[in-house]
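Beneath this line is the structure, given in structure tokens, with notes to follow.
Laboratory data are not the source of any read-out in this text; all were calculated from the coordinates shown. Because the structure is a prediction, the values reported are computed rather than measured. All Cβ positions, glycine included, derive from the backbone under ideal geometry; neighbour counts span all protein chains shown.
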Amino acid sequence: MDSNVIIKLNKVNFYYGQSRALTDISMKFVKNKVTALIGPSGCGKSTLLRLLNRMNELIDATRVEGEILFEEKNIYAPDVDPVEIRRKIGMVFQKPNPFPKTIYNNISYGPKLTGIGVRDMDALVERSLKQAVLWDEVKDILNKSAMNLSGGQQQRLCIARALAMKPDILLMDEPTSALDPISTAKIEELIEELKKNYTIIIVTHNMQQAARISDETAFFYLGNLVEYNKTEKIFTNPDVKQTEDYITGRFG
Amino acid sequence: MKSLKWRYFKQSLFFGAVRLSALIIALALGGILFYIMVNGIGAISWDFITKPPTDSMTKGGIMPAILGTIYLTIGAIAIGLPLGIASAIYLTEYAKQGRVIRLIKVGINCLAGVPSVVFGLFGLGFFVIFLKFGSSILSGSLTLGFLILPTIIGASEEALKSVPQTFREASLSLGVSKWQTIYRIVLPNALPGILTGSILGIGRAAGETAPIMFTAAAYFTAKLPGSIFDEVMALPYHIYVLATAGTNIEATRPIQFGTVLVLVAVVLSIDLVAIIIRSYMRKNKRW
């Protein structure tokens, strides 16, 4: 396998009960790049994202076919523990969802419980918050409840919380859709910064956002991967007409 | 188009009706409490709550009954609460939702409606006779614990369900295991709700007569229980005995009212403890 490829999907089908949400998806995600998944609502992009850290199996009556290779191992193999996968592949959700705990405990929660053996928790908390560019705003209120932060701060806290696990990949499911423009800009800057050390896969409804922050873009429609290419190419000269129609706002 | 005036009139009509209903309930409750207070307060004295009955229960205090009711209620909580919470966790967090689980839930709801005397007979047959626990604090606590189980399971289920799914997802997405997620995130956030529902069960456990009359309650014993295998007097049963089968029903009227007043006070103070614990836990919970 190409050494730059961190995740590889082979003919992946996904079903909610009887209905098929993803059809024959084969694609590769490149290390230390930002890949954007775009497409109209219900096209399967969020479903695909949640397949990558096995979050979909929390829903009853779902089924996966095909294989998803992470570091050359199928994460859906019977001997793979999803808990182990999620430790390495972090996730940031659409709505900020900090725990009703202190800021400090939100960050230390994961490392403490998963027993990854942190020698200096204070340092890890500080480092994670700095990575998420939140440290300066919260360093004096670490023992206050995270629920008092603004939406944008909460989302950066959630990013810091995920980073504290030192994941290889960060999955982001429309991370700015619940935020105001200023907070959105901050998160986008952050993503730019984070891709030096992490592979980021982001679902977004915002075309400009995909164009601004991503290196690669995948366009999904009705559970199919329609086009997958360099972001520049997709947004300037797409190969498929459907892609062009969507990007230019003719449907979706 | 209905005129604004007409719509306001309708609104005040309905608000009025709702207020009236609330008022009627409050008045009825207040009336009962007032009646008990007026009739019972005369019997209350330091001796009444610290001394055992004397003269064939026509004089003296009710201390053994107070203590017995406290023991039985604590026993019922100790059995009902952990078992109920554990069942609710299984039903909401682990079990695959389907026909079997639905059937079990219907069963639990049915149990909540079973008359308490049936629980009493079950306790008599199973704990007292079959398991040979005899008429004792243990048998009574088990019977009462089972009696309040449906209430606690129901309340716990609702409380667990009200914890946002996003909390579970956030925790699991960090590579935290399911049990850790439940123990560290779901349960702490559900506990205030669980306690709210359980308060109802606790009140019921303290006040029930039928489940304990065959399993735990003594007609009269001046001696205090030395172990969980001893019989005890209990307030509800004492009231029942004095009011229907006592040696002198008319003469003990004030004692009956006094005992009722004490029972209400005991139930309220157990509830108060639960409410204080709950508000303490709620302090920094907000989402």
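Things worth noting here:
- Viscosity 1.567 mPa s, 4 °C: Kirkwood-radius Stokes-Einstein D of region B:141-287 over Cα pairs, µm²/s: 72 µm²/s
- Axis of helix B:253-282 versus longest Cα principal axis of chain B: the two differ by about 30°, to the nearest ten degrees.
- Comparing Cα centroids, region B:1-34 and region A:73-141 end up 51 angstrom apart.
- Springs between Cα atoms under 10 Å define the GNM used for chain B, and in it the highest mean-square fluctuation of B:A78, B:A155, B:A28 occurs at B:A28.
- Cα-based Rg of chain A normalised by 2.2 N^0.38 Å, two decimals: 1.01
- Charge context of B:V267, other residues only, Cβ under 13 angstrom, K/R +1, D/E -1: -1
- Using the Stokes-Einstein relation with a Kirkwood hydrodynamic radius computed over Cα pairs, the translational diffusion coefficient of the protein assembly as shown at 25 °C and a viscosity of 0.890 mPa s comes to 88 µm²/s.
- For chain A, share of DSSP beta bridges that run antiparallel, in % to the nearest 5: 60 percent
- Shown for A:M207, B:M213, A:M172, A:M121: other C-beta atoms within 10 Å of each C-beta, ranked fewest to most, produce the order A:M121, A:M207, B:M213, A:M172.
- Karplus-derived 3J(HN,Hα) values for region A:151-165, using 6.51 cos²θ - 1.76 cosθ + 1.60 with θ = phi - 60°, are x, x, 5, 4, 5, 5, 5, 5, 5, 4, 4, 5, 5, 4, 7 Hz; glycine and proline are entered as x.
- Seen from A:E126, the other residues with C-beta closer than 12 Å to its C-beta sum to a net charge of 0, counting Lys and Arg as +1 and Asp and Glu as -1.
- What the Cα atoms of region A:29-125 give is an Rg and a Dmax of 15.9, 45 Å.
- Cβ-to-Cβ counts within 10 Å put A:F70, A:F220 in ascending order as A:F70, A:F220, the fewest first.
- Residue-averaged 222 nm ellipticity for chain B, from DSSP H runs of 4+ at -39500 (n - 2.57), nearest 500: -22000 deg cm²/dmol
- Prolate/oblate/rounded label for region B:16-157 (Cα gyration tensor, a/c 1.5): oblate
- Projected area, mean over directions - region A:87-140, Cα convex hull, nm²: 4.3 nm²
- Where labels lie 7 Å past Cα in the beta-carbon direction, separation of A:K11 and A:N143 in nm: 5.9 nm
- The trypsin sites (Lys or Arg not before Pro) of region A:163-252 that meet both conditions, a loop assignment by DSSP and at most 15 other Cβ atoms within 10 Å of the site Cβ, are A:K196, A:R250.
- Counted residue by residue at 0.36 nm each, then reduced by the alpha carbon distance between them, the extension gain from B:K10 to B:A86 reaches 22.6 nm.
- Gaussian network model of chain B, springs between alpha carbon atoms under 10 Å - residue of B:M233, B:M37, B:M63 with greatest fluctuation: B:M37
- Counted charge near B:A218, where neighbours are those whose Cβ lies closer than 10 Å (Asp, Glu -1; Lys, Arg +1): -1
- Tail beyond 35 Å, pair distance distribution of chain B (Cα, percent): 33 percent
- Equivalent-ellipsoid semi-axes of region A:83-233, from the Cα gyration tensor, Å, largest first: 28, 17, 13
- Loop-exposed GluC sites (Glu not before Pro) per DSSP, neighbour cap 16 Cβ within 10 angstrom, longest uninterrupted part of chain A: A:73-252
- Take each residue of peptide B:11-21, count the partner chain Cβ atoms within 10 Å of its Cβ, and average: the result is 0.
- As a length-normalised measure over Cα pairs under 8 Å and 6 or more apart, the relative contact order of chain B settles at 26 percent.
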